[in-house]
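Read the structure below first, then the notes.
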Amino acid sequence: MSDRSLTQNLAEHIVIVGGGAIGLASAWALCEKGVRVTVLEAGKSGEGALWASGGMLAAGFEACFELDPAHPLADAYAQFLSQSLRLWRDWAPMLQALSGPALGEDFQGSVTPAFTPAEEDRIDRAEALAKRFGVQAARVNADELAHLEPALAKARGALIFSHDGQLDNRALGGVLSDAVRSRGGEVVEQRRVAALDRVAGQVRGVVLETGERLAADAVILATGAERFADMPAFAQMTPVKGQMIRFDASGLATPKRVVRGLSIYLAAKSGGRLIAGASSEPGERALETDPDTLERLNSAACAAMPTLAGRPVVESWAGLRPCSSDAMPIIGEAESGLYLALGAYRNGVLTAPGMAELLLQALGAHPTTDLAHAFSPARLGLKA
């Protein structure tokens, strides 16, 4: 990051609505540029989708297994994921230096095992996509996988993404909040925004649920999957619910890498925590978990890591992923004075620094790149 001298083109005071990964990361990036930033969070910063996530930094897996290769923005998105992952390698130590809680960054890679012929076919296709997207991926056979990851069940082989990783998502909100405050920014909790405050056709601040007005030179909406009535219709997100579980894996040998299986993912965290997830339920907003889904997750986790059998599930929860109409991020100026940082979908933690960087470009701090144009609110087809 550059020094804190205010870039000439940047607004002096920016309000960010939403204190999740995207909102807080954007706030820190702007504070580093000398902007006065106020983050308004309806609940507690760092909770919501960030707290409920897996903390994955799996750019390789996401590009090769979850991205539709026929999507017109597929190549741009794969590049964006890779760029965000590179940024995290710089961001993590800088953020950790400003906060006490351990961020738990881990760049040992991710592994996608194939347990069935159908999964082996998917790995074949993913390996081809890795070449297209410039993703570093290594194919290993069954014996090599057993040597590399002995905690996993016997598989037919795997694809390893050596640059992937993870961090502790439940620490990230506090770490980012500390970093923002250390640079003079405000993170204000329990302040719900009811509307945008427009003056002469320009967004000039926000109106709180209490009726109080807070003036600003620009407003950034980083509201995740939350409904916000005073938002452009094309920017309203579809929630995609995900349920997850946690095992106490104390004393167990756990996989060294994040396991991004095709029916389950497993990630070992500090303190003997092992998380497993996640379901995908488009359109669901209720955050309750259900026994059938939790049992499916439990069974899939035990099948991938047999030593989990008999271990109790000690925690379960659900979160909402924000999905845009074309399943791509929306980053940039939507109208005069209003900027969007939305639609991170499955990759809010991973793409937080990348979205912050594209916001800086949209706000005038840096020259705009092709990626900024690709994910702009003005892109072709988004408003149709």
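The values are calculated or read from the model by the stated rules, or taken from the named source; none is laboratory data. The shown structure was predicted, so the numbers you read here are calculated from the model rather than taken from an experiment. Neighbour counts run over all protein chains shown; Cβ positions are idealised from the backbone, glycine included. All accessible areas refer to the heavy atoms of the entire protein, side chains included, with ligands and DNA or RNA removed. Shrake-Rupley method; radii C 1.70, N 1.55, O 1.52, S 1.80 Å.
Every residue, every condition in (1) open to solvent by less than 10 Å² (accessible area, probe 1.4 Å); (2) more than 21 Å from the chain's Cα centre (by Cα); (3) among the polar types (S, T, N, Q), yes or no:
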{"position": "Cys323", "(1), (2), (3)": "no, no, no"}
{"position": "Ile331", "(1), (2), (3)": "yes, no, no"}
{"position": "Ala334", "(1), (2), (3)": "no, yes, no"}
{"position": "Ala341", "(1), (2), (3)": "yes, no, no"}
{"position": "Thr351", "(1), (2), (3)": "yes, no, yes"}
{"position": "Gly354", "(1), (2), (3)": "yes, no, no"}
{"position": "Leu359", "(1), (2), (3)": "yes, no, no"}
{"position": "His373", "(1), (2), (3)": "no, no, no"}
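Of the residues in region 233-251, at least one is open to solvent by 50 Å² or more (accessible area, probe 1.4 Å), part of a loop (DSSP other than H, G, I, E, B), at positive phi and not charged (D, E, K, R). Assess whether Ala128 counts as being open to solvent by 20 Å² or more (accessible area, probe 1.4 Å), among the aliphatic types (A, V, I, L, M), over 20 Å from Ser270 (Cα atoms) and free of Cβ contacts under 8 Å to residues at least 12 places away in the same chain. Taking the combined requirement at face value, the residue satisfies it. Of the residues making up region 22-39, those that are open to solvent by less than 10 Å² (accessible area, probe 1.4 Å) and not in a loop (DSSP other than H, G, I, E, B) are Gly23, Leu24, Ala25, Ser26, Ala27, Trp28, Ala29, Leu30, Cys31, Val37, Thr38, Val39.
Of the listed requirements (1) at negative phi; (2) touching a helix residue (DSSP H, G or I) at 6+ places or on another chain (Cβ under 7 Å); (3) among the small types (Gly, Ala, Ser); (4) open to solvent by 20 Å² or more (accessible area, probe 1.4 Å), Ser110 misses just one: (4). Among the residues of region 171-228, which ones are surrounded by 14 or more Cβ atoms within 10 Å (Cβ to Cβ), small (Gly, Ala, Ser), in contact with a Gly (Cβ under 6 Å, 6 or more places away or on another chain) and over 19 Å from Ser45 (Cα atoms)? Selection gives Ala216, Ala218.
Number of residues in region 252-273 that are open to solvent by 20 Å² or more (accessible area, probe 1.4 Å) and outside any loop (DSSP other than H, G, I, E, B) equals 6.
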